[in-house]
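What follows draws every value from the coordinates through simple rules; no lab data is involved. Predicted, not measured: the structure shown is a model, and the values here were computed from it. Note: ideal-geometry Cβ built from the backbone for every residue, glycine included; neighbour counts use all protein chains shown.
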Amino acid sequence: MSQPAASTLADLRSHIRAFVRERDWEQFHSPKHLSMSIAIEAAELMECFQWQSAGQATEDVTQNGAPQAAVDELADVLIYCLSMANALGIEDLAAAVLDKLERSGKRYPPDQLRGHFALDKK
């Protein structure tokens with residue numbers, strides 16, 4: 001399926017919704033199953049770099065580009081995340097991301113945390 005170089009989240013959600021609907025997969029796309037699928041695909045993404053050090057993985061990607069397996073697994077993670085948005089009825093996922101970034105920006109102010117990773121106890 002050939003797609004334009006750039007698509008909006010809404011476009012992607014629409015494509016995914018149609019793909020799922022054509023196969024009658026909505027019956028399998030409960031929040032429980034989709035959340036599990038996101039975790040499974042994320043684990044498969046980690047597997048692409050499993051036996052490399054952080055430095056080796058970064059160097060390899062910098063020199064050779066992302067391995068196709070990692071690209072595919074990242075696409076799977078995003079597909080399941082967008083499927084979850086469809087299942088939950090989240091119409092404007094971009095707004096949800098921007099809202100979360102705004103709240104996180106207040107919680108983790110850059111002037112206090114630049115260059116430091118802070119574990120926050122909720």
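Overview of results
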{"item": "Protection proxy ranking, peptides 103-113, 72-82, 58-68, average beta carbon neighbours within 10 Å, highest first", "result": "72-82, 58-68, 103-113"}
{"item": "Charge sum, other residues only, whose C-beta stays under 12 Å from residue 86's C-beta, Lys/Arg counted +1 and Asp/Glu -1", "result": "+1"}
{"item": "Over the range 9-91: Rg over Rh, Cα atoms, Kirkwood Rh", "result": "1.08"}
{"item": "For the range 101-110, Karplus couplings with θ = phi - 60° (6.51, -1.76, 1.60), whole Hz, Gly/Pro x", "result": "4, 5, 5, 5, x, 6, 6, 10, x, x"}
